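The values are calculated or read from the model by the stated rules, or taken from the named source; none is laboratory data. Note that the structure is predicted; figures quoted are calculated from it, not measured. Cβ atoms come from the backbone with ideal geometry, glycine included; neighbour counts cover every protein chain shown. In case anyone asks, the SASA skips ligands and DNA or RNA and just uses the protein heavy atoms, side chains included. Shrake-Rupley method; radii C 1.70, N 1.55, O 1.52, S 1.80 Å.
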Amino acid sequence: MSSRVTAVCVVHEVRPGWYHDTAIDKRPASGRVAVGPLGLDGDTQIDSSHGGPDAAVYVYADEDAAHFAEVLGREVPAGFFGENLRVSGLDVTGAQIGERWRVGEVELEVRKPRTPCKNLAQRVGVDGFHLDFNATGRVGAMCRVVREGSVGAGDEVEVLDRPAHDVTVADLATGLTGPQAAALLDSGVALADKVRAKARRVRARASTGDD
C-alpha cells in the first residue's frame, strides 16, 4: 500500500494551556505549504521543548488516530493532536530513530517520539490522557528537516533509509531496554541530545544491574 499525506496542518489559534499558552490547536491548510528548518510556514511553536530543529515537523498516522478514535468514542480529525502532517499507510509508530522519509519535495529524518504533556489531556478533555497516550507508544514522530521544500495533501511518502538498530519511536516512548540503548548508541546514527542522554542513562543502569 502506498503511503501518502492526508492533511497538512498549521496552528489555527493559540489557546491557554495547562502551564502556558499552547499552539496544539492545528487545522488542515489548503494548497501547498512551505517547510523550512524550523517547520511549516504559518505554524507556531510556543514552547522550546516542543520545537526547534529536532522537532520541526510532527508527523502522525491516520491508523494511530483511528485507534484513539475508537478509544475515545469520537472522531480524531487531522491536527487534533497537534500534528503538522497526517499520513496514511506509513508505520510512524514503528519508524526507527534516524529513519528518513521523502514527503513531497521535503526530506525528513525521524529524531524522537513526541513527549505528550498535560496540554494534550486538556485538548482531549480527559484527565491524564497524555499518560495513557504515551503508554501505547502511538505518539507520532518529531522530525528534522533535511531538505526544504513544500508539502501538500496527496503527496506520496517514501521511506528513503532505515537504520539497522531496530529502535523505534514506540520503543523510546514506552521504555528502552539496556540492549536497545546500546544498539542505538553504537549505531552511528547522529542522535538528538535528549535521545542520546536517555540511551546513555538506560545503558548505564543496565550495566550496573539496576535496570
- Item | the stretch 160-175 - phi-based ³J(HN,Hα) in whole Hz, Karplus 6.51/-1.76/1.60, Gly and Pro as x | 8, 8, 9, x, 9, 7, 6, 8, 9, 3, 5, 4, 5, 5, 9, x
- Note on the structure: Sorted by chain and then number, the residues having a modelled amide H within less than 5 Å of the amide H of Ala61, at least 5 places away or on another chain, are Val87
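I'd like the chymotrypsin sites (Phe, Trp or Tyr not before Pro) in the stretch 1-78 restricted to DSSP loop residues with at most 13 other Cβ atoms within 10 Å, sorted by number. Before the final figure, lay out the partial values.
On the way: sites: Trp18, Tyr19, Tyr58, Tyr60, Phe68; in loops: Trp18, Tyr19.
Answer in residue order: Trp18, Tyr19.
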- Message: For Ile97, Ile46, give me the order by solvent-accessible area with a 1.4 Å probe, most accessible first, ignoring ligands, DNA and RNA.
- Response: Ile46, Ile97
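Relative to the Cα centre, what is the charge dipole magnitude of the chain, using +1 at the beta carbon of each Lys and Arg, -1 at the beta carbon of each Asp and Glu, and rounding to the nearest 20 debye? Kindly include the intermediate steps, with their values, before the conclusion.
Working: 25 positive and 31 negative charges, 98 e Å.
It comes to approximately 460 debye.
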- Task: Quick one: what are the phi-derived ³J(HN,Hα) couplings along the stretch 130-147, Karplus 6.51/-1.76/1.60 with θ = phi - 60°, whole Hz, x for glycine and proline?
- Result: 4, 6, 5, 4, 5, 5, 7, x, 8, 9, x, 10, 8, 10, 8, 8, 7, 9
- Quick one: which residues, 5+ away or cross-chain, put their amide H under 5 Å from the amide H of Val106? H built at 1.01 Å from N. Ser150
- Within the chain, what's the longest run with no GluC sites (Glu not before Pro) in a DSSP loop and at most 16 other beta-carbon atoms within 10 Å? Give the range, please. 149-211
- Near the amide H of Ser3, under 5 Å away, which other amide H atoms are found, from residues 5 or more places off or on another chain, if H is placed in the peptide plane? Val157
- Note on the structure: HN-Hα couplings for the stretch 69-85 via Karplus (6.51, -1.76, 1.60; θ = phi - 60°), in whole Hz with x for Gly/Pro, come out as 4, 5, 4, 8, x, 7, 6, 10, x, 4, x, 5, 8, x, 6, 8, 10
- Net charge of Cβ neighbours under 14 Å - reference Val146; Lys, Arg +1; Asp, Glu -1: -3
- Item | Given (i) 19.6, 60; (ii) 16.5, 54; (iii) 18.1, 61, the label whose value is Rg and Dmax of the Cα atoms in Å derived from this model | (ii)
- Message: What does the net charge come to around Glu63 if you take all other residues with beta carbon closer than 15 Å to its beta carbon, with K and R at +1 and D and E at -1?
- Response: -3
- Assign unit charges at the C-beta atoms only (+1 for Lys and Arg, -1 for Asp and Glu), then state the dipole size of the stretch 1-118 relative to its Cα centre in Debye, rounded to the nearest 20. 40
